[in-house]
Amino acid sequence: MPELDPATTALLTVECQNGVVGEESALPELAEEARDSGMLGRVAALVDAAHGAGVQVLHAVAERRPDGLGANSNARLFRAAGRLPVRQLTGSRAVEVAAPIEVGARDLVVRRLHGLSPMAGTDLDALLRNLGIRTLVVTGVSSNIAIPNTVFDAVNLGYQVVVPSDAVTGVPAAYTAEVIRNSLALVATITTAEALIKEWAPPR
């Protein structure tokens, strides 16, 4: 396990927003998996533990302007997103962090209007470096696209990456285990939410 010193470790939630994993999701199958598997609850518990330990928490949110200005259209996924009944519009409830995750006063919310990764072309890397972060714990959705993108980008930028395997998910559910085993485990440390919560628990 990489060094998890609260002074140099950050916890990132990826697209844990109402319009993705909430009750009124644009992606109901993914939202159902996030809730029914307990993933969303484990992310919330990790956020609480991080707050208690003084670990910096950041929330990566995907959104788009009502006019779509600046959004990608160079992949089927982007074009489909523009036709969904629930759109991740800037300022709407859809782009608020979903319950039961609590956004703390010191948390940073990083919003993006384009692309597949919370890190490429956003403020995330600069914020982490300014905070002195060396280890990034990645949680959220989805293991199909955004989570691998985040992990690979962070590794390429020199961060140690930790992925709690039960605090990420995608669809179908079985795919998450495969992408962790065959891709993410090659570049990141794989652990569990429980192990991280124990790590950040106050000494008795």
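The values are calculated or read from the model by the stated rules, or taken from the named source; none is laboratory data. This one's a predicted model, so the numbers in the text were calculated from it and none came from an experiment. Cβ atoms come from the backbone with ideal geometry, glycine included; neighbour counts cover every protein chain shown. The accessibility values were calculated without ligands, DNA or RNA, using every heavy atom of the protein model including side chains. Shrake-Rupley method; radii C 1.70, N 1.55, O 1.52, S 1.80 Å.
Farther than 14 Å from L11 by Cα and touching a residue at least 60 places away in the same chain (Cβ under 8 Å): does that describe S92? Spell out the reasoning first.
Values: farther than 14 Å from L11 by Cα: yes; touching a residue at least 60 places away in the same chain (Cβ under 8 Å): yes.
Here the answer is yes, as S92 does meet what is asked.
I'm trying to understand the selection: among the residues of region 1-48, which are within 24 Å of P85 (Cβ to Cβ), part of a helix (DSSP H, G or I) and touching a residue at least 24 places away in the same chain (Cβ under 8 Å)?
N18, G19, V20, V21, E29, L30, E33, A34, M39, L40
When only residues in region 74-88 that are within 19 Å of P118 (Cβ to Cβ) and buried (at least 16 other Cβ atoms within 10 Å of the Cβ) count, which is modelled with the lowest pLDDT?
Residues of region 74-88 that are within 19 Å of P118 (Cβ to Cβ), as a first pass: 74-75, 77-78, 81, 87-88.
Keeping just the survivors that are buried (at least 16 other Cβ atoms within 10 Å of the Cβ) gives 78, 81, 87-88.
Details: F78: 73, A81: 69, R87: 82, Q88: 85.
Out of the qualifying residues, it is A81.
Only one residue in L58, L30 is over 29 Å from N130 (Cβ atoms), touching a strand residue (DSSP E or B) at 6+ places or on another chain (Cβ under 9 Å) and open to solvent by less than 70 Å² (accessible area, probe 1.4 Å), so which one is that? If you could, list the steps in order and put the result at the bottom.
Working: L58 fails: over 29 Å from N130 (Cβ atoms).
L30 is the lone residue from the list that is over 29 Å from N130 (Cβ atoms), touching a strand residue (DSSP E or B) at 6+ places or on another chain (Cβ under 9 Å) and open to solvent by less than 70 Å² (accessible area, probe 1.4 Å).
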